[in-house]
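Notes follow once the structure below has been shown.
The values are calculated or read from the model by the stated rules, or taken from the named source; none is laboratory data. Keep in mind the model is a prediction, meaning the values are calculated, not measured. Cβ placement follows ideal geometry from the backbone for every residue including glycine, while neighbour counts extend to all protein chains displayed.
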Amino acid sequence: MATKNKYIPLITGIAIAVGVFIGGKLNFTDTSDRLFTTNSKKDKLNRLIDYIDYEYVDEVNTDSIVDVTVNGILDNLDPHSTYIPKEDLKRVTENMKGDFVGIGINFYPYNDTIAVIKPTDGGPSERAGIMRGDRILLADGDTLFGRTITNDLITKKLKGDKNTKVNLTVYRKAENRMFDVEVRREDIPIKSVVASYMLTDELGFIKMNRFAESSFKEFKAALEDLKAQGAKKLALDLRDNPGGFLGIAEQIADEFLEKGKLILFTRDKKGREEYTYATKRGDFEQGELFILMNENSASASEVIAGALQDNDKGIIIGRRSYGKGLVQREMALGDGSAVRLTVSRYFTPTGRSIQRPYSNGDSRSYYNDYFKRLRNGELADENNIKVDDSLKFTTPKGKVVYGGGGIIPDVFVPVDRAFDNETVNFLRRRGHFGRFIFETLDKDRTQFGEYSKYDFINNYEVSDDMVIQFQDYVNDKEGTDFSFAAYYSQLRRLIKATLGNQLFDDNAFEEILNKDDMMVQEVILLSTEYPNFKQ
């Protein structure tokens, strides 16, 4: 037998983590039956990677092999256990934390230059005097323009450690001048509450796009502000909200439920259950409540809707939600990457799981469920919603609810095909509205100077000429010759909303869209009938 290779290094970090001694002195001439008869499944994978690393005929990036292996393992579990590579983990963590350290600007590359769409309200760049339309040319003397500049490089130059300073050279087109400005990097919030305003004299509106660490604090601030404006009723818009931290959803549900009411319970593989109950801290326990949901409302959004529906609190409005009843925990893998592993299921107060069925390893079918709903007509007609009578539950007041596939609303609102269609959604995904509006404003930023925010929302009308300009803009960018005549009303609405966003704020964007939003209009109608509403 050949002499054993001495002390070939193995993945000692993994060995420490699992508390076992793996390898030590591998002998690559041993037969496979000898290698694996006494080794665990972990040893088997580690040895295979070592064989490839040391013996395979070609050079191979074994890091990439490990990534493929991890993803392959997770693909055979459930659709929501996911791997986060180390190059993505920082961005994902920032998004879930709810803030990042930077200078506070919303920008996009325009003609090979960083163009400021708008600075963060009250952020360090705004306080330093940076304005909409400014171009950032240099950061600490390093060039930030040209065809070779990437978003990663821009981010690296503008982000940094908290309280550090960066010296920027800025060009202001409106004044045709360049100037230098020093900006101190600070915590910049990634907002979860994207809009908060009064729909009527008594009905407040809050739209949340996720549940991050900072989301409850944002929600409380918005709720208190609305109450100060006279809100006795609340519409909480969770449409297209994919979820986030379970604990944050529990805190928000607690705001609406009386002390002692069950919010949810979780159950792990060993059958251990943990129950979460409402406390006495709720600030909106007596207020009338409406929850807006659609087929993209998932996870933590469904926790809130399920807790309220099962406690006979408020009215759920919209369409059947996504159907995610699994709880993930993030676990570090020791090399800067992490895995979010499903560790339990959650159940609504009546005991139902709203997790829709899935087959291990069949994620394609699972994620194509939206198209299945579209084909069977569920998004247009509530009578096409399929329910499982074996998963029927009853609330304390006798309302029948179902498990097995999302939250079915109390009041159904069909998808509005006049505004929610693939052509318009394609234009939104491509970012054409934002870029067109920026370039329109950039030609003359004084053209809307006479408008106040609410005068603009209530009185400004997008002209046919501007819609045609947008059509020409898209065709030029896409290399097409397409007529959008069939979509002019939708384009007017989104052009105006995007104008409102870039001229004023996110609230203006939502207020403009909501004026013609079927679900929001249904909420306004129901709010006048709430005392007599019978589910």
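What to note about this one:
- Sole exception among (1) crowded, with 24+ Cβ neighbours inside 10 Å; (2) hydrophobic (A, V, I, L, M, F, W, C); (3) touching a Phe, Trp or Tyr at 6+ places or on another chain (Cβ under 7 Å) for Ile304, by number: (3)
- Segment 304-343, residues that are out of contact with any Ser or Thr (no Cβ under 8 Å at 6 or more places or on another chain) and in a helix (DSSP H, G or I): Ile304, Leu308
- Residue check, Asn459 out of contact with any helix residue (DSSP H, G or I) (no Cβ under 6 Å at 6 or more places or on another chain), surrounded by 12 or more Cβ atoms within 10 Å (Cβ to Cβ), farther than 17 Å from Lys207 by Cα and not assigned by TED's automatic domain parsing to the domain that holds Ile291: no
To keep it simple, each residue is scored yes or no on (1) hydroxyl-bearing (Ser, Thr, Tyr); (2) farther than 30 Å from Arg172 by Cβ; (3) free of Cβ contacts under 8 Å to residues at least 60 places away in the same chain.
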{"residue": "Thr423", "(1), (2), (3)": "yes, yes, no"}
{"residue": "Arg429", "(1), (2), (3)": "no, yes, yes"}
{"residue": "Arg445", "(1), (2), (3)": "no, no, no"}
{"residue": "Ser452", "(1), (2), (3)": "yes, no, yes"}
{"residue": "Arg493", "(1), (2), (3)": "no, yes, no"}
{"residue": "Asn507", "(1), (2), (3)": "no, no, no"}
{"residue": "Glu510", "(1), (2), (3)": "no, no, no"}
{"residue": "Met518", "(1), (2), (3)": "no, yes, no"}
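- All positions within segment 103-134 that are among the hydroxyl-bearing types (Ser, Thr, Tyr) and either assigned to a helix (DSSP H, G or I) or modelled with pLDDT of 95 or more (or both): Ser125
- Criterion: modelled with pLDDT of 95 or more, exposed (fewer than 15 other Cβ atoms within 10 Å of the Cβ) and among the basic types (Lys, Arg) - qualifying residue of Lys259, Lys280, Lys227, Lys233: Lys259
- From the list Ser359, Ser390, the lone residue that is closer than 18 Å to Pro79 by Cα and not in a strand (DSSP E or B) is Ser359.
Conditions (1) under 22 Å from the mean Cα position of the chain (by Cα); (2) surrounded by 13 or more Cβ atoms within 10 Å (Cβ to Cβ); (3) at pLDDT 95 or above, marked per residue:
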| site | (1), (2), (3) |
| --- | --- |
| Val387 | no, yes, no |
| Gly404 | no, yes, no |
| Val411 | no, yes, yes |
| Pro414 | no, yes, yes |
| Arg417 | no, no, no |
| Glu422 | yes, no, no |
| Phe426 | yes, no, no |
| Gly431 | yes, no, no |
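- Segment 53-79, subset assigned to a loop (DSSP other than H, G, I, E, B) and of a type outside the set (A, V, I, L, M), residue surrounded by the most Cβ atoms within 10 Å (Cβ to Cβ): Pro79
Residues checked against (1) among the acidic types (Asp, Glu); (2) in contact with a strand residue (DSSP E or B) (Cβ under 9 Å, 6 or more places away or on another chain):
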site: Glu255; (1), (2): yes, no
site: Glu258; (1), (2): yes, no
site: Lys280; (1), (2): no, no
site: Asn294; (1), (2): no, yes
site: Ala298; (1), (2): no, no
site: Leu308; (1), (2): no, yes
site: Asn311; (1), (2): no, yes
site: Glu330; (1), (2): yes, yes
site: Leu333; (1), (2): no, yes
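- Residue check, Ala338 surrounded by 20 or more Cβ atoms within 10 Å (Cβ to Cβ), at pLDDT below 95 and within 22 Å of the chain's Cα centre (by Cα): yes
- Residue check for Asn384: in contact with a helix residue (DSSP H, G or I) (Cβ under 9 Å, 6 or more places away or on another chain), among the polar types (S, T, N, Q) and under 30 Å from Tyr108 (Cα atoms): no
- Cβ pairs under 7 Å, 6+ apart, first in segment 465-476 and in the same structural domain as Arg435 (by TED's automatic domain parsing), second of a type outside the set (Ser, Thr, Tyr) and not in a helix (DSSP H, G or I): Gln471/Phe484; Asn475/Asp481; Asn475/Phe482
- Hits in segment 194-218 - residues which are closer than 13 Å to Gly98 by Cα and surrounded by fewer than 22 Cβ atoms within 10 Å (Cβ to Cβ): Val194, Asn209, Glu213, Ser214, Phe216, Lys217, Glu218
- From the list Asn475, Asn507, the lone residue that is among the polar types (S, T, N, Q), closer than 21 Å to Asp237 by Cα and outside any loop (DSSP other than H, G, I, E, B) is Asn507.
- Out of Phe100, Phe21, one residue alone is surrounded by 14 or more Cβ atoms within 10 Å (Cβ to Cβ), touching a helix residue (DSSP H, G or I) at 6+ places or on another chain (Cβ under 9 Å) and either at pLDDT 75 or above or not in a helix (DSSP H, G or I) (or both). It is Phe100.
- Positions within segment 504-519 being of a type in the set (A, V, I, L, M) and either touching a Leu at 6+ places or on another chain (Cβ under 7 Å) or modelled with pLDDT under 95 (or both), in sequence order: Met519
- When every residue of segment 366-385 is checked against the conditions, at least one turns out to be surrounded by 19 or more Cβ atoms within 10 Å (Cβ to Cβ), part of a loop (DSSP other than H, G, I, E, B) and β-branched (Val, Ile, Thr).
- Subset of segment 144-179 [in contact (Cβ under 8 Å) with a residue 40 or more places away in the chain and either in a loop (DSSP other than H, G, I, E, B) or not assigned by TED's automatic domain parsing to the domain that holds Ile103 (or both)]: Ile149, Lys159, Gly160, Asp161, Lys162
- Given (1) in contact (Cβ under 8 Å) with a residue 40 or more places away in the chain; (2) charged (D, E, K, R); (3) over 19 Å from Val474 (Cα atoms), index of the condition Arg417 fails: (1)
- For segment 345-356, filtered to residues that are in contact with a Lys or Arg (Cβ under 7 Å, 6 or more places away or on another chain) and assigned to a loop (DSSP other than H, G, I, E, B), the residue that is farthest from His80 (Cα to Cα) is Ser353.
- Gly434 assigned to a helix (DSSP H, G or I) and not acidic (Asp, Glu): yes
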